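Shown next, in structure tokens, is the structure this report addresses.
Every number here is computed from the coordinates shown, using simple stated rules; none is lab data. Computed from a prediction, not measured in an experiment: that's the story for all the values here. All Cβ positions, even for glycine, are placed from backbone atoms using ideal geometry, and neighbour counts span all protein chains on display.
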Amino acid sequence: MKTTLAVALGAALAATGTGFAQASALPDGDDAPTVQPLAPQQFAEMLPDVLPPEAGAAAAAPLLDQLAKGRWLADRRAELEAQWAAAEAQRAADAERALTSLAVTPVSGTLTSDFGPRWGTTHTGLDIANEIGTPVYAAASGVVIDSGPASGFGLWVRLQHEDGSITTYGHIDRTLVSVGQQVLVGEQIATVGNRGQSTGPHLHFETADASGQKVDPKAWLRERGVDTTDLSVV
């Protein structure tokens with residue numbers, strides 16, 4: 001059946017001399033799908049993908065007619081372009097949300113240690129426990145000012161934000177950003193780890209104001225519209 005259909009298709013294309021084109025796969029970047037010429041034999045080889053061998057001659061005839069007139073490929077291109085447009089619209093919506101959202105909780109998990117007194121000293125951040133490899137997100141948009149080894153934390157990322165405040169992400173397993181890089185709120189910057197002086201896999205999240213004074217991360221998040229109700233020590 002495949003051979004018969006391929007021969008028939010090749011003959012139909014050769015007889016009509018009609019121009020044909022194929023829309024490429026959706027792009028990774030911002031470019032629209034391109035259109036490239038496809039030889040008759042290539043069309044013939046495509047046929048089994050759109051018409052199963054078990055399909056009868058009655059099913060083959062309309063498809064051959066559409067292909068000979070270029071309608072099937074035109075419809076396929078329109079389908080791909082519609083998918084590309086939908087993906088582009090989704091990217092634009094995500095970017096808009098990033099611009100309108102001031103802050104997000106940097107990681108999911110269980111709060112195991114709060115900001116304030118702990119073990120006879122002051123704990124200057126929040127410890128949020130989760131498995132190694134859990135995504136860590138930028139709590140707000142900003143620029144990376146540190147990314148790499150850090151005393152006590154093993155490995156960290158620090159961001160400076162537009163208002164001058166700084167957020168710190170410590171004990172991470174892996175950093176995904178570099179110094180000088182601009183990041184958007186909610187963009188993944190690291191993964192949860194257990195490096196440095198750590199009692200188990202978790203993110204140590206600190207916030208400091210523009211003067212460098214460390215402040216309660218819950219208050220810092222609330223000032224930026226984040227609901228911190230779930231951030232309670234269990």
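The residue list Thr167, Ser151, Asn130 was ranked by how far each Cα lies along the charge dipole of region 100-179 toward its positive end, using unit charges on Cβ atoms, and Ser151 comes out on top. Computed from backbone phi with θ = phi - 60° and the Karplus coefficients 6.51, -1.76 and 1.60, the 3J(HN,Hα) list for region 161-172 is 9, 4, 7, x, 5, 10, 10, 10, 10, x, 6, 5 Hz; x is used for glycine and proline. Each label was represented as a point 7 Å from its Cα along the Cα-to-Cβ direction; for Asp216 and Glu79 these points are 5.7 nm apart.
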